[in-house]
Amino acid sequence: MLSKRLGGIEESATIKMGHLAKQLEDEGKEVLNFSLGEPDFKTPSHICDAAKKALDLGYTHYTSSAGITELREAIATKLRKENKVEVNADDVIVTPGGKQAIYEVMMSLLDEGDEVLLLDPAWVSFEAVIKIAGGRPRWVKRLEERVNYRALESAVSKKTKMIVMNSPNNPVGYVLSENELQEIAELAREHNLFVLSDEIYEKIIYERNHVSIASLDGMQERTILINGFSKTYAMTGWRIGYAAAPAEILRGMLRIQQHSVTCASSISQYAALAGLVNSQDCVKEMVAEFKKRRDVIVSRLNGIGLPCLNPEGAFYVFANTARYGNGVEFTERLLKEAFIIVTPGSAFGDAGTDYVRFSYATSMQKIIEGMDRIEEMLS
């Protein structure tokens, strides 16, 4: 009954685990949920106030499909100042979440059989959206290895059209170095590839600096930069993101947006504008707390035999479960014995088979309790 395009597409593993957590909680279980990538902080009050003001002013109707001019201008200013990407408002589209922007890119660029390079492991929806658009994912390993031109080129064929990168990364938390970005840029230029750069976690970064690949020589004309407000400002439920892209691609995205969602929520757009143009102290406070949580969960996981890399950004830890079974087995054991929910690493690609992803976008109290439960379970 369902279309063939859905044949090879599974439901989102992260959302599935979140639903499972809610179901168990409704049954009265004391569940600790480390699965969803959602900051546990409240949306900052000045952002909520801007939404209330927009409601009072009657800004409750359709906007331009591309987004309100004020927000697109503010995004363009941000990209010029912070990311060294020379764009203006006409180069920006505001979307109902960053995920919608990624979907529109794939639908605009990919024809049946076009191939897209993914660094393994990668966020769960990249593979699914590529397939929905008729494309074929090609995996390139990047877990503890450095990205290099030769490894990337080995996966390139005549059908390769794009490479997708996500830095800071979900699920591992690495941040691509400028040398690695240069390797990707060289590949894109040499093989005439587009680059989709998902930078949704750019503000949640610890010891490293964020560099947008679109700022490198010869890259802006072939890069689609994806970002949004969900992670930076704890606005996941507001569903507000954006993309900056070359003109022809942006026109394609706009056409899809016009015939699907029409536009992003008007209220969310005014709220996002307030987040972007006002003090960023709220962001710094959240990041400082994330860093404290990271340090605790990494230390505890390594101490109880679940080795993991130290995340440089985002709010995830990718822990190796090989000592206790593969990631799926360990996920099931955690759920049954400790009422802890994580996401199996296999949801993110082949490189994650013996891993699970912990999100530390939860309170320090829950992190400590969760680690105590796991330590007791394994002892």
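Side notes on the structure shown:
- Number of residues in segment 212-245 that are assigned to a loop (DSSP other than H, G, I, E, B) and free of Cβ contacts under 8 Å to residues at least 60 places away in the same chain: the value is 6.
- Residue count for segment 118-172 satisfying the condition of being among the small types (Gly, Ala, Ser) and farther than 25 Å from GLY7 by Cα: 3.
- Selection status of PRO307, under 20 Å from PRO344 (Cβ atoms) and under 21 Å from the mean Cα position of the chain (by Cα): no
- Condition met for VAL283 (assigned to a helix (DSSP H, G or I) and aliphatic (A, V, I, L, M)): yes
- Residue match in segment 57-78 (condition: touching a Cys at 6+ places or on another chain (Cβ under 9 Å), on the phi > 0 side of the Ramachandran plot and in the same structural domain as LEU216 (by TED's automatic domain parsing)): yes
- Of all positions in segment 219-239, none carries a residue that is buried (at least 23 other Cβ atoms within 10 Å of the Cβ), more than 29 Å from GLU73 (Cβ to Cβ) and in contact with a Gly (Cβ under 8 Å, 6 or more places away or on another chain).
- Within the option set VAL172, VAL164, being in contact (Cβ under 8 Å) with a residue 40 or more places away in the chain, aliphatic (A, V, I, L, M) and under 19 Å from ARG222 (Cα atoms) holds for one residue only, VAL164.
- Candidate set: segment 292-304, residues that are touching a residue at least 24 places away in the same chain (Cβ under 8 Å) and crowded, with 16+ Cβ neighbours inside 10 Å; chosen: the one nearest to the chain's Cα centre (by Cα): ARG294
- Residue pairs meeting the criteria (Cβ under 6 Å; at least 6 apart or on separate chains; first outside the structural domain of HIS259 (by TED's automatic domain parsing) and under 19 Å from VAL195 (Cα atoms), in segment 80-102; second among the β-branched types (Val, Ile, Thr) and modelled with pLDDT under 95): none
- For segment 305-336, the candidate set comprises residues that are buried (at least 20 other Cβ atoms within 10 Å of the Cβ) and among the aromatic types (Phe, Trp, Tyr); within that set, the residue that is farthest from GLU199 (Cα to Cα) is PHE330.
- Residues in segment 83-139 that are among the aliphatic types (A, V, I, L, M) and not in a helix (DSSP H, G or I): VAL85, VAL87, VAL92, ILE93, VAL94, LEU110, VAL116, LEU117, LEU118, LEU119, ALA122, ALA133.
- In segment 1-26, residue modelled with the lowest pLDDT [restricted to those that are small (Gly, Ala, Ser) and surrounded by 15 or more Cβ atoms within 10 Å (Cβ to Cβ)]: ALA13
- Residues of segment 111-161 satisfying the condition of being of a type in the set (Val, Ile, Thr), in contact (Cβ under 8 Å) with a residue 24 or more places away in the chain and surrounded by 18 or more Cβ atoms within 10 Å (Cβ to Cβ): VAL116, VAL124, VAL129, ILE130, ILE132, VAL147, THR160
- Residue check, GLU70 touching a helix residue (DSSP H, G or I) at 6+ places or on another chain (Cβ under 9 Å), at pLDDT 95 or above and not in a helix (DSSP H, G or I): no
- Every residue from segment 264-273 that is assigned to a helix (DSSP H, G or I) and either without any contact (Cβ under 8 Å) to a residue 24 or more places away in the chain or surrounded by fewer than 21 Cβ atoms within 10 Å (Cβ to Cβ) (or both): SER266, ILE267
Yes/no matrix, rows are residues, columns are (1) within 30 Å of VAL283 (Cα to Cα); (2) among the β-branched types (Val, Ile, Thr); (3) within 20 Å of the chain's Cα centre (by Cα):
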| position | (1), (2), (3) |
| --- | --- |
| GLU144 | yes, no, yes |
| GLU153 | no, no, no |
| PRO171 | yes, no, yes |
| GLU183 | no, no, no |
| VAL195 | yes, yes, yes |
| LYS203 | yes, no, yes |
| ILE213 | yes, yes, yes |
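The values are calculated or read from the model by the stated rules, or taken from the named source; none is laboratory data. On a predicted model such as this, the values are computed, not experimentally measured, just so you know. Backbone-built Cβ (ideal geometry, glycine too); neighbour counts: all protein chains shown.
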